[in-house]
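What follows is calculated from the coordinates using simple rules that are stated; it is not laboratory data. Keep in mind it's a predicted model, so treat the numbers as computed, not measured. Every residue, glycine as well, gets a Cβ built from its backbone with ideal geometry; the counts of neighbours run over all protein chains shown.
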Amino acid sequence: DQQVKQNSPSLSVQEGRISILNCDYTNSMFDYFLWYKKYPAEGPTFLISISSIKDKNEDGRFTVFLNKSAKHLSLHIVPSQPGDSAVYFCAASSSGTYKYIFGTGTRLKVLA
Amino acid sequence: EPEVTQTPSHQVTQMGQEVILRCVPISNHLYFYWYRQILGQKVEFLVSFYNNEISEKSEIFDDQFSVERPDGSNFTLKIRSTKLEDSAMYFCASTGDRFRSIYFGEGSWLTVV
């Protein structure tokens, strides 16, 4: 049941450049999306969210874009910093459910 | 800043033993969750809890699992008879609004031997 997919298991980016993390989903009922950052042996830390009524949400260095027709969302981190190195998960939920479905994660490495 | 706290941080248990993982959600939150992550795999939903009852559960959450909010602050996950494949990091989460972001605890690492 891979309703939420992150097809890139890893990504390396130079410090100061843009990091783009991608997420695809298959369930057209999903209407709320989250991005989390996770360090090893720690809980996921909420970064940013977007509702399906929007196509963009921005918070500091983090911007999430949602393309509903393509069932695709992306997280942009600008500028990338070494402290951003972590695993990033997208998660999706629909109004008719209480649960969030997580993607498999993308490991981001920001090189100094 | 309010946070979700979990205990224990790590527990090793013999197969077949009962385990209780404890969580203190953020105080004004109403919706509570347990997720787990088996090493190297994705974060998986187990169960959601609202208004003192289970609102939704996954296929993983079978009869060996139960949740309880015994005293209005703690939220517990009990595994009645642990199996080797229950070894995972278990995350508690909470939110004040089911249409908003959920906030996770640091996790309880369960090792079944």
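Computed values, structure above
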quantity	calculated
Candidate lysines for bridging to residue A:71, where Cα separation is under 17 Å - those fewer than 8 sequence places away on the same chain excluded	A:5, A:54, A:56
For B:44-53, mean number of other protein chain Cβ atoms within 10 Å	2
Lysines whose Cα lies under 21 Å from that of residue B:78, excluding same-chain neighbours fewer than 8 positions away	A:99, B:57
Qualifying chymotrypsin sites (Phe, Trp or Tyr not before Pro) for the stretch B:24-61 [loop in DSSP, other Cβ within 10 Å: at most 11]	none
Modelled FRET efficiency - R0 25 Å, residue A:41 with residue B:24, Cβ distances, 0.05 increments	0.80
Cα-centred dipole magnitude for the protein assembly as shown, charges only on beta-carbon of K, R (+1) and D, E (-1), debye, nearest 20	520 debye
The stretch A:1-108: chymotrypsin sites (Phe, Trp or Tyr not before Pro) in DSSP coil with no more than 11 other Cβ atoms inside 10 Å	none
Cut-off of 10 Å, at most 11 other beta carbons, DSSP loop: longest stretch of chain B lacking such GluC sites (Glu not before Pro)	B:60-113
Length-normalised contact order for chain B - Cα pairs under 8 Å, 6+ apart - percent	39 percent
Inter-chain Cβ neighbour average for residues B:37-43, partner chain, 10 Å	5
Beta bridges per DSSP with both ends in the protein assembly as shown, % antiparallel, nearest 5	90 percent
Where only alpha carbons of chain A are counted, the Rg and the Dmax (Å)	13.3, 44
Loop-located GluC sites (Glu not before Pro) in the stretch A:1-69, at most 15 other Cβ atoms within 10 Å (DSSP)	A:15, A:42
